[in-house]
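Peer 1: There's a structure below that I have some questions on.
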Amino acid sequence: MLAGAGALTVGGYASIAEASSATEAAPLINPVVRQRADAQVFKHTDGYYYLTGSVPEYDRLIIRRSRSLAGFTTADETVIWRRPTQGKLGGYIWAPELHWFDDAWHMYFAAGDKDQPFRIRTYALRCDGPDALTGKWSLLGKVETPWDTFTLDSTSFVHKGVRYFCWAQKEPGIDTNSNLYLAPLATPTTLAKPPVRLTVPTLDWEIRGFKVAEAAAPLIRNGKVFIAYSASATDDRYCLGLLTADAEADLMSQASWSKSPVPVFVSSEETRVWGPGHNSFTVDEQGRDVLVFHGRDYKAIKGDPLFDPNRHTRVQRLYYKPDGTPDFGVPAGAGEIPDRFSPLDRPGAFLRYEGAGLSVGDGPLATTQLRQKAGPAGQVTLEPILQPGHAVRVVGGKATIGEAKPGDKAALFKRVKGLADAKGVSFQALDGGYLLHRDGAVVVGPAKDAKARAAATFLVS
Ligand code: AHR
């Protein structure tokens, strides 16, 4: 029955087209949920998003439910299970994940024992009813793997009708904290065959502080199966790596998998996010791919990072390189999640910034990401994510990037529906001129004819 759980790929939907209708969601502002690390977001066929994650006390399992990603910020939080005060599972409770299969909710999580809180093994709960927040959750048992060792950060996904289980574990004879493993499930707590070892942390960026490969997160897109994972110690050196297999390959063959030689997502001094990792994937209300991850607002940590509570849940949209692999860019930083703006008259190019310059073209993802920050009277400012506190400013009919203090009128735009396409947006400066693309440059002026209106219309992605 496990195998027939539907072709779930990202966020519980078989395709982006199935994602819920494009409702105008409230502004999504990072951090989305404070002090929830290891966040997993599951978009269910009931139209709700579900979020779970580690709490700083590592003592309970929680769920938030919301019709929108932004709703998680203020959503009530339901405790569905608390660790016992004694004995097994009475230790640290880490990194839960919520999954729907076999017509029931399942929660996988890692738990230590009361007398040995770091003797971490992986367990499964099942809910007795369709409502994860009000149903009764019962322990199915420990997930059986080939070794009785440190086992954590499990996830599950379906590919070609097979439900897989992917987890991190210490393997006897390998001198690491954890490696990644994959196997099909026979039951929610037993493997249908011996696992394949997907990766061992050996590269410099995987072994900083601790030799770690954990927090596997699957993403099936563009004819590939990607597994993002987290590496190194959970301080500012924590980062994401990426494994890739062809979707037609045998996922149980180690030879099917390749590993990015460099990390795909790391701390950013510019955007002030450190230790980004332990991610999951979902789709937003418009069906666009979203990266969910945690990160801190500061680099220096007092004491053991594992007991620093400020790994907050963050989200940002996920984009793709021309070859179809995900482009993680940089962690976007605090504030509205950023967008990209492609002029209608030059598809595939974007508003992009470099220092004080603003142009239309392409380049590193982060240089094309600007956040629309709410201003007075429904106006917005456009803040480049690599230059917090700066904005697109119009002075003397020219648009440049400059420092924008609160209330800076030169940085305020009236945002209107696209002059040439209502699906897009146009930005009118206070002098009445519009931001316009012209031969790779950005100018400000009237949009009197169809050509100018197209140049003043930006499709948001
Ligand atoms: O957040 C607790 C644990 O720390 C998570 O299970 C793991 O991903 C991280 O290293």
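Peer 1: Hey, among the residues in the stretch 260-300 that are of a type in the set (Lys, Arg) and open to solvent by 10 Å² or more (accessible area, probe 1.4 Å), which one's farthest from the ligand (Cβ to nearest atom)?
Peer 2: Start the filter on the stretch 260-300 by keeping residues that are of a type in the set (Lys, Arg), which leaves 272, 288, 296, 299.
Then keep just the ones that are open to solvent by 10 Å² or more (accessible area, probe 1.4 Å); that gives 272, 288, 299.
Values: Arg272: 21, Arg288: 26, Lys299: 18 Å.
This residue is Arg288.
Peer 1: Residues that are in contact with a Lys or Arg (Cβ under 6 Å, 6 or more places away or on another chain) and in the same structural domain as Ala456 (by TED's automatic domain parsing): find the strands (runs of 3 or more DSSP E) completely inside the stretch 360-423 holding 3 or more of those.
Peer 2: Values: elements: 370-374, 379-384, 390-395, 398-403, 413-417.
Answer list for the stretch 360-423: 379-384.
Peer 1: Quick one: is Pro201 under 25 Å from the mean Cα position of the chain (by Cα) and either more than 16 Å from the ligand (Cβ to nearest atom) or outside any strand (DSSP E or B) (or both)?
Peer 2: Values: under 25 Å from the mean Cα position of the chain (by Cα): yes; either more than 16 Å from the ligand (Cβ to nearest atom) or outside any strand (DSSP E or B) (or both): yes.
It is true that Pro201 is under 25 Å from the mean Cα position of the chain (by Cα) and either more than 16 Å from the ligand (Cβ to nearest atom) or outside any strand (DSSP E or B) (or both).
Peer 1: For Leu435, are the conditions met, namely being open to solvent by 10 Å² or more (accessible area, probe 1.4 Å) and modelled with pLDDT of 95 or more? Working first, answer last.
Peer 2: Working: open to solvent by 10 Å² or more (accessible area, probe 1.4 Å): no; modelled with pLDDT of 95 or more: yes.
When the stated conditions are applied, Leu435 does not pass them.
Peer 1: Yes or no: the stretch 284-293 includes at least one residue that is closer than 18 Å to Ala213 by Cα and of a type in the set (Phe, Trp, Tyr).
Peer 2: Yes, there is a match, as at least one residue in the stretch 284-293 is closer than 18 Å to Ala213 by Cα and of a type in the set (Phe, Trp, Tyr).
Peer 1: Just the residues that are among the β-branched types (Val, Ile, Thr) and in contact with a strand residue (DSSP E or B) (Cβ under 6 Å, 6 or more places away or on another chain), please, taken from the stretch 108-144. Walk me through it before giving the result.
Peer 2: Just the residues of the stretch 108-144 that are among the β-branched types (Val, Ile, Thr), to begin with: 120, 122, 134, 143.
Listed by number, the residues that qualify are Ile120, Thr122, Val143.
Peer 1: How about the stretch 143-196: which of its residues are of a type in the set (D, E, K, R) and either more than 16 Å from the ligand (Cβ to nearest atom) or on the phi > 0 side of the Ramachandran plot (or both)? Outline the logic, then answer.
Peer 2: At the first step, the residues of the stretch 143-196 found to be of a type in the set (D, E, K, R) are 144, 148, 153, 160, 163, 170-171, 175, 193.
Listed by number, the residues that qualify are Glu144, Asp148, Asp153, Lys160, Arg163, Glu171, Asp175, Lys193.
Peer 1: Of the residues in the stretch 319-348, how many are touching a residue at least 24 places away in the same chain (Cβ under 8 Å) and either open to solvent by less than 10 Å² (accessible area, probe 1.4 Å) or at positive phi (or both)?
Peer 2: Number satisfying all stated conditions: 11.
Peer 1: Of these, Ala454, Ala422, Ala366, Ala377, which one is among the hydrophobic types (A, V, I, L, M, F, W, C) and on the phi > 0 side of the Ramachandran plot? Please lay out each step first, then the result.
Peer 2: On the way: Ala454 fails: on the phi > 0 side of the Ramachandran plot; Ala422 fails: on the phi > 0 side of the Ramachandran plot; Ala366 fails: on the phi > 0 side of the Ramachandran plot.
Every option except Ala377 fails the conditions.
Peer 1: Inspect the stretch 217-234 for any residue being open to solvent by 20 Å² or more (accessible area, probe 1.4 Å), in contact with a helix residue (DSSP H, G or I) (Cβ under 6 Å, 6 or more places away or on another chain) and touching a residue at least 24 places away in the same chain (Cβ under 8 Å) and give the result as yes or no.
Peer 2: Going through the stretch 217-234, the residues open to solvent by 20 Å² or more (accessible area, probe 1.4 Å) turn out to be 218, 220-224, 234.
Subset that is in contact with a helix residue (DSSP H, G or I) (Cβ under 6 Å, 6 or more places away or on another chain): 234.
Cutting the leftovers down to touching a residue at least 24 places away in the same chain (Cβ under 8 Å) gives us 234.
Yes: the stretch 217-234 contains one or more residues that are open to solvent by 20 Å² or more (accessible area, probe 1.4 Å), in contact with a helix residue (DSSP H, G or I) (Cβ under 6 Å, 6 or more places away or on another chain) and touching a residue at least 24 places away in the same chain (Cβ under 8 Å).
Peer 1: Another question about this same structure. Sort out which residues of the stretch 33-42 are more than 13 Å from the ligand (Cβ to nearest atom), part of a loop (DSSP other than H, G, I, E, B) and either polar (S, T, N, Q) or buried (at least 22 other Cβ atoms within 10 Å of the Cβ) (or both), and write them in order of number.
Peer 2: Filtering the stretch 33-42 down to residues more than 13 Å from the ligand (Cβ to nearest atom) leaves 33-34, 41-42.
Then keep just the ones that are part of a loop (DSSP other than H, G, I, E, B); that gives 34.
Answer for the stretch 33-42, where residues must be more than 13 Å from the ligand (Cβ to nearest atom), part of a loop (DSSP other than H, G, I, E, B) and either polar (S, T, N, Q) or buried (at least 22 other Cβ atoms within 10 Å of the Cβ) (or both): there is none.
Peer 1: If I ask for residues that are farther than 15 Å from Gly90 by Cβ and loosely packed, with under 12 Cβ neighbours inside 10 Å, which ones from the stretch 110-128 would you list?
Peer 2: First, the residues of the stretch 110-128 that are farther than 15 Å from Gly90 by Cβ: 122, 124-128.
Of everything in the stretch 110-128, just one residue is farther than 15 Å from Gly90 by Cβ and loosely packed, with under 12 Cβ neighbours inside 10 Å, namely Asp128.
Peer 1: May I ask you to say which residue of Pro146, Pro184 is under 26 Å from Lys88 (Cα atoms), over 23 Å from the mean Cα position of the chain (by Cα) and either crowded, with 21+ Cβ neighbours inside 10 Å or of a type outside the set (Ser, Thr, Tyr) (or both)? Write out each step before concluding.
Peer 2: Numbers: Pro184 fails: under 26 Å from Lys88 (Cα atoms).
Going through Pro146, Pro184 in turn, the sole match is Pro146.
Peer 1: Take the conditions modelled with pLDDT of 95 or more, on the phi > 0 side of the Ramachandran plot and more than 16 Å from the ligand (Cβ to nearest atom) and apply them to Asp102. Does it pass? Before the answer, list the steps.
Peer 2: Numbers: modelled with pLDDT of 95 or more: yes; on the phi > 0 side of the Ramachandran plot: yes; more than 16 Å from the ligand (Cβ to nearest atom): yes.
For Asp102, the condition - modelled with pLDDT of 95 or more, on the phi > 0 side of the Ramachandran plot and more than 16 Å from the ligand (Cβ to nearest atom) - is met.
Peer 1: Could you go through the stretch 207-218 and let me know if any residue there is under 24 Å from Lys43 (Cα atoms), more than 14 Å from the ligand (Cβ to nearest atom) and assigned to a loop (DSSP other than H, G, I, E, B). If you could, list the steps in order and put the result at the bottom.
Peer 2: To start, the set of residues in the stretch 207-218 that are under 24 Å from Lys43 (Cα atoms) comprises 214-218.
If we keep only those that are more than 14 Å from the ligand (Cβ to nearest atom) as well, we get 218.
Applying the additional criterion that residues be assigned to a loop (DSSP other than H, G, I, E, B) yields none.
No, the stretch 207-218 has no match at all.
The values are calculated or read from the model by the stated rules, or taken from the named source; none is laboratory data. Quantities reported herein were computed from a predicted structural model and do not represent experimental measurements. All Cβ positions, even for glycine, are placed from backbone atoms using ideal geometry, and neighbour counts span all protein chains on display. Just the protein is used for accessible areas: all its heavy atoms, side chains included, with ligands, DNA and RNA removed. Shrake-Rupley method; radii C 1.70, N 1.55, O 1.52, S 1.80 Å.
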